[in-house]
Amino acid sequence: MVSVINTVDTSHEDMIHDAQMDYYGTRLATCSSDRTVKIFDVRNGGQILVADLRGHEGPVWQVAWAHPMFGNILASCSYDRKVIIWKEDNGSWDKMYEYTGHESSVNSVCWGPYEFGLILACGSSDGAISLLTFTGDQQWDVKKISNAHTIGCNAVSWAPAVVPGSLIDQPSGQKPNYVKRFVSGGCDNLVKLWKEEDGQWKEDQKLEAHSDWVRDVGWAPSIGLPTSTIASCSQDGRVFIWTCDDPAGNTWTPELLHKFNDVVWHVSWSITGNILAVSGGDNKVTLWKESMDGRWACISDVSKGQGAVSTITDTQQTEQ
Amino acid sequence: MCQTSAGTHLGFAWGPGDILVYETLYKASGCPCIHEVRKDEDIYSPILRKLFNESHHIFVGLQTIGEDLPSKNKKPQFVSISKNYRSVIRACMEELQQVSILLAIELIWNLCEVLFIDAAPAGSLLLHLLDWVRLHKADVDEKAREVLQSESPAEHHDYWNVVVSYVLQGRLEEARQMLVKQATLQPAARSMYKLMDTLLSKMPFYNPGGTQTLTEFDVKWRHWHEEVDRCLQDNSFASNKHLEVICKILVGDEDTLLEHKDLLSTWYHFLVTRLLFCHPTVKPTELHYYAQSCLTMFLDSRSVPEPLDSILLAAFEFDIHQVIKDCSIALNNWWFVAHLTDLLDHCKLLQSHNLHFGSNLREFLLLEYASGLFTHHSLWQLAVDYFDHCPEFGRVYLELQIERVPLDTERKALKVLRICEQRQMSEQVRSICKIMAMRALRNNRLGSALSWSIRAKDAAFATLISEKFLQDYCARGTFSDLDLIDNLGPAMLLSDRLTFLGKYREFHKLYGEKRSGEAAKLLLSLMTAKIAPRSFWMTLLTDALPLLEQKEVVHLSFQDEDTELTKVELLRLALARNLARAIVKEGTVEA
């Protein structure tokens with residue numbers, strides 16, 4: 001069902017914690033416990049090391065590519081409490097900005113929708129979430145949400161810029177309705193939604209369902225329907241899908257996707273948001289899709305290269 | 001966060017399109033590798049590319065068939081389109097060595113055309129099914145050729161196999177011609193061969209275009225059937241086991257048919273043959289009963305039906321949704337189900353099967369197919385048309401996907417841009433123009449950056465680039481990209497800085513053409529209109545210098561500002577000179 005088409009030997013000297021393709025799938029950024037961030041050109045099945053970025057003093061947990069309209073920009077966050085934003089100029093990568101405002105490991109970084117410019121959300125083990133906004137001329141504006149999650153924040157993910165459903169009955173040409181929101185997950189077992197109002201960030205919703213640390217959250221891309229969807233996964237082995245049908249964004253209904261036998265580390269949505277990838281401690285990645293009757297079914301089960309089609313739920317097997 | 005659990009962790013990230021990236025946990029003994037993984041879709045096969053390209057053409061044509069005609073008048077058009085799709089499949093089969101999947105696809109499509117699109121009624125139905133079987137059992141002709149080309153065809157070891165195969169396919173004329181060869185070798189059995197020839201020649205075949213009704217045909221056929229049966233009972237062919245076999249086949253004896261499994265080779269050939277000799281007036285609704293029993297009879301107890309068998313069975317049961325579902329699972333890409341479902345939908349054969357997110361089955365499959373195409377470096381353009389014809393989600397899917405097309409060259413960017421502009425996807429247009437503008441700026445191509453930011457209607461960026469142009473001028477004393485700046489037109493109004501740039505260049509042009517009066521007026525207006533950036537005022541004043549040196553008296557007045565000392569001195573000197581000249585001139589006139 002799937003095949004390996006290219007294997008990139010990163011030459012990292014320790015565990016790899018994150019790998020991300022850029023917007024077009026031409027570049028790959030990786031980060032590791034060896035404190036480095038590497039960038040590879042992977043066009044046409046190749047693997048050319050483009051940059052070996054050193055600047056962190058501890059394991060680097062995540063990397064995130066900014067939208068290409070801002071140039072080639074990559075953010076990284078690390079155990080060393082720093083967030084570094086790297087930029088490519090004339091073929092070489094350099095530090096564009098270094099943020100040291102957290103008191104503990106920074107676990108997650110996520111760029112906001114390009115409609116809001118260059119804005120980065122950072123979640124940290126000190127429980128705070130920082131929002132770094134580029135205001136031009138090497139200046140960054142910092143807003144901090146302290147005590148966002150007690151004990152620590154593990155993940156942040158931005159909502160699409162446009163209010164869901166606003167594209168329906170909207171005459172084209174009219175400026176769509178923007179809203180600045182993101183979701184976070186923390187060691188307080190909670191999933192929280194944050195909204196910016198009048199220049200201030202406020203806690204908008206508190207979603208309770210997990211019984212252990214929330215490891216990752218993901219806000220699904222919008223396909224124009226008046227529904228918002230968020231996925232969350234936790235140390236408790238559960239993955240929940242949260243949906244909200246009202247445009248005001250007030251009632252979120254959880255649905256248990258599945259209970260796994262081990263920690264679930266990551267959830268991520270495909271580009272059109274119709275497939276959710278879940279990776280867990282059982283060394284597998286499963287892909288999930290919403291079926292005709294609204295329930296979620298597993299459409300593939302991939303463990304290290306072999307493929308198999310299997311269903312876990314009792315619903316009809318969906319199309320491949 | 002530190003992983004403290006003992007479990008290993010397989011990392012994962014979506015790439016654009018369907019390229020997934022796996023990370024592996026690296027322990028001291030391992031290798032820190034990232035695997036790029038891709039779904040096994042056949043879009044990367046160069047031969048299938050032809051299939052995608054040509055079927056795209058047919059697809060677009062189908063969408064534009066007039067809505068004004070009632071469905072039944074459109075049937076011949078739909079059948080013709082179905083045949084077009086099939087001929088594309090066959091064309092690809094000829095190029096591909098490994099044809100089994102395409103053969104299966106064409107087989108299924110053909111059956112769907114017969115049963116669903118053409119929807120032949122009893123009488124014609126069997127004839128169509130006969131055609132269907134004959135088309136997909138081409139080895140008979142090969143064998144026949146081999147036999148006929150041999151020295152003594154009637155003695156060839158495959159001779160009787162060919163004759164029986166012809167009979168099984170209802171190709172009685174050809175069977176008769178073959179038998180003639182045997183008859184000449186056995187003059188003693190001439191009457192027996194004559195009898196067989198007569199039986200074969202008299203078998204009635206329904207003529208849909210003729211005046212005979214189905215009932216009349218049925219009566220005629222039964223008479224013939226009885227005659228054949230009589231011959232069997234009379235042992236007319238008892239002394240020739242081959243002719244006896246043929247007679248039994250003609251009477252529709254199941255056991256005899258099953259004895260020739262190797263010649264039939266498939267249960268559906270068995271089905272059609274059985275219907276031909278037992279029930280040629282079979283109705284569409286009766287098919288499934290015969291299909292199921294034939295499948296069971298044909299497969300021995302050990303073998304299990306394959307996916308293809310289930311699909312064909314579902315077709316005979318007229319369960320269109322099951323056919324589509326089974327094909328979706330069995331096949332490696334969405335091409336077949338997407339196009340077939342689309343055609344069936346146009347024929348109004350699909351009940352709206354509402355999926356949870358509000359789209360119907362046709363749209364769902366087309367979206368899956370087109371999304372798959374988007375990962376390909378050139379096929380993505382075909383996908384655009386498919387998205388266009390998905391009324392519910394096509395547009396938003398296109399918006400999401402088109403932003404991921406790598407803008408490797410300016411030409412490609414323009415292509416993508418045109419697609420977005422044609423569909424009023426203003427956000428995407430802006431985004432693409434901004435990306436190109438940024439890229440041009442990074443490569444120091446200011447002219448290109450400026451024109452992209454104008455196209456993006458990005459005032460902020462236009463301002464930034466205008467600044468760079470002006471800085472460039474200050475540094476080098478000349479402008480670059482004069483053509484662009486000279487022809488800005490109304491775009492100049494996008495940002496103040498840009499307007500200033502345009503007007504400033506105009507000033508230089510006027511000055512160069514020695515239209516000093518107009519130049520001076522423009523310069524003055526630039527200074528007073530407050531669109532000149534403060535940092536540029538010194539430059540403007542310096543530009544004013546030569547004007548002040550002109551023989552003609554040009555009256556200028558400007559505000560006093562903080563400026564460099566030497567330049568101020570120069571100005572004072574120039575002003576003093578100008579004043580002096582003015583006084584002299586006035587004095588001269590008066591005197």
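The values are calculated or read from the model by the stated rules, or taken from the named source; none is laboratory data. Computed from a predicted model, the values in this text were never measured in an experiment. Positions of Cβ are generated from backbone atoms using ideal geometry, with glycine treated the same way; all protein chains shown enter the neighbour counts. Ligands, DNA and RNA are stripped out before the accessible areas are found, and what is left, the full protein with its side chains, is counted by its heavy atoms. Shrake-Rupley method; radii C 1.70, N 1.55, O 1.52, S 1.80 Å.
Surface analysis of the protein assembly as shown yields an accessible area of 44 Å² per residue, using protein heavy atoms and a 1.4 Å probe.
Taking label points 7 Å from Cα along the Cα-to-Cβ direction, B:Ile58 and B:Lys348 give a separation of 2.4 nm.
Evaluate E = 1/(1 + (r/R0)^6) for B:Ser80 and B:Thr539, where r is the Cβ-Cβ distance and R0 equals 51 Å; express this FRET efficiency to the nearest 0.05. Efficiency computed from Cβ-Cβ geometry: 0.10. Take the Kirkwood radius over Cα pairs of the range B:356-492, plug it into Stokes-Einstein at 25 °C and 0.890 mPa s, and you get 147 µm²/s for translational diffusion.
Based on every Cα atom in the range A:34-104, Rg and the maximum pairwise Cα distance Dmax equal 12.6, 42 Å. Pairs of Cα atoms in the range B:275-395 fall into 10 Å distance bins, from 0 up to the last occupied one, in shares of 12, 34, 28, 17, 9, 0 percent. Note on chain B: dipole from Cβ charges, positive end direction compared against B:Ser152, B:Ser516, B:Trp380; the farthest Cα belongs to B:Ser516.
Peptides B:160-167, B:118-125 ranked from most to least packed by the mean count of surrounding Cβ atoms within 10 Å: B:160-167, B:118-125. Our summary of shape: the Cα atoms of chain A have principal axis extents of 52, 50, 44 Å, ordered from largest down, in whole angstrom.
Rounded to whole Å, the principal axis extents of the Cα atoms in the range B:134-282 read 46, 35, 30, largest first. For A:Glu103 and B:Asp483, a Förster radius of 51 Å and the Cβ-Cβ distance give a FRET efficiency of 0.35, rounded to the nearest 0.05. For the peptide A:21-27, the mean number of other protein chain Cβ atoms found within 10 angstrom of a residue's Cβ is 6. Structure note, pairs B:Lys137/B:Lys194; A:Lys144/A:Lys206; A:Lys87/A:Lys195: Cα-Cα distances above 20 angstrom occur for B:Lys137/B:Lys194; A:Lys87/A:Lys195. Dipole check for the protein assembly as shown: with +1 at the C-beta of Lys and Arg, -1 at the C-beta of Asp and Glu, and the Cα centre as origin, the magnitude is about 2100 Debye.
With both labels modelled 7 Å from their Cα along Cα-to-Cβ, the B:Cys278 to A:Asp141 distance reads 8.2 nm.
Counting only other chain Cβ atoms within 10 Å of each residue's Cβ, the peptide A:31-40 averages 1. Summed over both chains, the contact between B and A buries some 6700 Å² of accessible surface at a probe radius of 1.4 Å.
Within 14 Å, Cβ to Cβ, of B:Ala189, how many net charges do the neighbouring residues add up to if Lys/Arg are +1 and Asp/Glu are -1? Every neighbour counted, the sum reads +2.
Could you sort the peptides B:292-301, A:134-143 by per-residue average Cβ neighbour count (10 Å cutoff), highest mean leading?
With the highest mean Cβ count within 10 Å placed first, the list reads B:292-301, A:134-143.
Taken over the range A:182-283, the percentage of Cα pairs per 5 Å bin, counting from 0 up to the bin with the maximum distance, is 3, 13, 23, 24, 20, 11, 5, 1, 0. On the beta carbon distance between B:Gln186 and B:Ser45, with R0 = 60 Å, the FRET formula returns roughly 0.65. Taking 7 Å steps out from each Cα toward its Cβ at B:Leu575 and B:His377 produces label points 6.5 nm apart. For the range A:1-144, would you read off the P(r) tail past 23 Å as a percentage of all alpha carbon pairs? Tail fraction, whole percent: 33. Of the candidates A:Ala29, A:Ala155, A:Ala248, which one comes out as most mobile in a Gaussian network treatment of chain A with C-alpha springs shorter than 10 Å? Highest fluctuation of the listed residues: A:Ala248.
Rounded to the nearest 20 debye, the dipole magnitude of chain B is 2020 debye, with +1 charges on Lys and Arg beta carbons, -1 on Asp and Glu beta carbons, and the Cα centre as origin.
Using the Cβ of A:Val214 as centre and a radius below 13 Å, the other residues enclosed give a net charge of -1, where K and R count +1 and D and E count -1. With only the Cα atoms considered, the protein assembly as shown has a convex hull volume of 241 Å³ per residue. Inter-chain neighbour count for A:213-225: the average number of beta-carbon atoms from partner chains within 10 Å of each residue's beta-carbon is 2. Ranked by the mean number of other Cβ atoms within 10 Å of their residues, highest first, the peptides B:271-277, B:418-424, B:330-336 come out as B:271-277, B:330-336, B:418-424.
Within chain B, the proportion of C-alpha pairs whose separation exceeds 30 Å stands at 70%.
Taking Lys and Arg as +1 and Asp and Glu as -1, the other residues whose beta-carbon sits under 15 Å from that of B:Asn110 total +1.
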